[in-house]
Amino acid sequence: MVTKVSSKGQIVLPKALREEANISEGDELEVGLASGFVVLRKPEPLDPTTVRRLLRKAQKSSEISEEDQDAVDRAIQRVRSRAS
């Protein structure tokens, strides 16, 4: 499948792909780059156990991996958005 990027940076996901991936209007997608590929995926909800594990790992290490920091930042943003 081929799609074009608009002047605003938008793309259209073909209907067949949206249906196969169970993506509906209004769904949020995480966007990333992996080995030169642009990757879209539905975010997985973080449960309290995962958040605690990430925080413990961060406290034990003087350096936190970029991936774990991103996960912690996303968890904090989700909690803040639910509180408002």
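The values are calculated or read from the model by the stated rules, or taken from the named source; none is laboratory data. Owing to the predicted nature of the structure, the values given are computational and were not obtained by experimental measurement. Quick reminder, even Gly has a Cβ in these numbers, built from the backbone with ideal geometry, and neighbours come from all protein chains shown. To get the accessible areas, we keep the full protein, side chains included, count just its heavy atoms, and leave off ligands, DNA and RNA. Shrake-Rupley method; radii C 1.70, N 1.55, O 1.52, S 1.80 Å.
The rows are residues; the columns are (1) under 21 Å from R74 (Cα atoms); (2) open to solvent by less than 100 Å² (accessible area, probe 1.4 Å); (3) among the basic types (K, R).
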{"site": "T3", "(1), (2), (3)": "no, yes, no"}
{"site": "G9", "(1), (2), (3)": "no, yes, no"}
{"site": "E20", "(1), (2), (3)": "no, no, no"}
{"site": "G26", "(1), (2), (3)": "yes, yes, no"}
{"site": "L29", "(1), (2), (3)": "yes, yes, no"}
{"site": "L33", "(1), (2), (3)": "yes, no, no"}
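Scanning region 38-82 for residues that are among the acidic types (D, E), out of contact with any helix residue (DSSP H, G or I) (no Cβ under 9 Å at 6 or more places or on another chain) and part of a helix (DSSP H, G or I) gives E66, E67, D70, D73. Would you call E28 modelled with pLDDT of 90 or more and acidic (D, E)? Yes.
Per the conditions (1) of a type in the set (V, I, T); (2) modelled with pLDDT of 85 or more; (3) surrounded by 13 or more Cβ atoms within 10 Å (Cβ to Cβ), the sole criterion not satisfied by T50 is (2).
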